[in-house]
1. Kirkwood Rh, Cα Rg: Rg to Rh for region 42-134?
2. Give me the distance in nm between label points sitting 7 Å out from Cα along the Cα-to-Cβ direction at Ala76 and Glu160, one decimal.
3. Ordering Cys98, Cys116 from largest to smallest accessible area (1.4 angstrom probe), what's the sequence?
4. Express the carbon and sulfur contribution to the solvent-accessible surface of region 45-178 as a percent, rounded to the nearest whole number, probe 1.4 angstrom.
5. Considering only protein heavy atoms, what per residue accessible area in square angstrom results for region 60-147 with a 1.4 angstrom probe?
6. Across region 163-173, in residue order, what do the Karplus-derived ³J(HN,Hα) couplings come to in whole Hz, using 6.51 cos²θ - 1.76 cosθ + 1.60 with θ = phi - 60° and x for Gly and Pro?
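The values are calculated or read from the model by the stated rules, or taken from the named source; none is laboratory data. Computed from a predicted structure; not experimentally measured. FYI the Cβ positions are ideal-geometry reconstructions off the backbone, even for glycines, and counts take in every protein chain you see. Only protein heavy atoms, including side chains, enter the accessible area calculation; ligands, DNA and RNA are left aside. Shrake-Rupley method; radii C 1.70, N 1.55, O 1.52, S 1.80 Å.
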Amino acid sequence: DDLLGLGEPRRGRVRGPRHLRPRTRRQPAHRLRRRAASLRRLEPLVGEWTFEARWPDGEPWPGGGKLTFEWLASGAHLLERGTADLPEAPDNVSIIGCDAANGTYYQLYSDERGVCRVYEMSIGDGEWRLWRDGEPFSQRFTASFSDDGNTITGRWEIAEDGVNYTTDFDLIYRRVDT
């Protein structure tokens, strides 16, 4: 049956839009190495973490929280899930991935309030950064890994006017022993 009206394809030739055709071309080795190196930079995040947070005045949040990072089946993205004991801090889920050709990373964030945000991200040399500009305010997160990789110390900052940043809260993540 010719349901799409494309006629009978010639033997061995796939018809239809290029983006729907099966990809049979192999990736060059240098692209595969670049992709692997980009994904390896995410590896320090993988695992289970607990966290404690403090307000700008140093007062701790009541309770703490948990965070997990795990590879999705494709091996190309990390799934991040977070929960906090503080009622104002919503449970959240993020997908972290990269554009290996450019060495850029992104986090797609969503939470139980219905908030969805896209953050640019960098990771490497013991530092992890997230940032976004736009409504309703700009945000940035800067953190550093301990030498043993089992602690991440960071700070979220907010700029309601898009320019002048103030501390939103400080975080310390501690890897859960497995």
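1. 0.98
2. Each label point lies 7 Å from its Cα, and together they span 4.1 nm.
3. Details: Cys98 40, Cys116 100 Å².
Putting Cys98, Cys116 in descending order of accessible area: Cys116, Cys98.
4. About 48 percent, which is the carbon plus sulfur part of the accessible surface.
5. 53 Å²
6. After applying 6.51 cos²θ - 1.76 cosθ + 1.60, I find 10, 8, 8, 10, 5, 8, 6, 9, 10, 10, 9 Hz.
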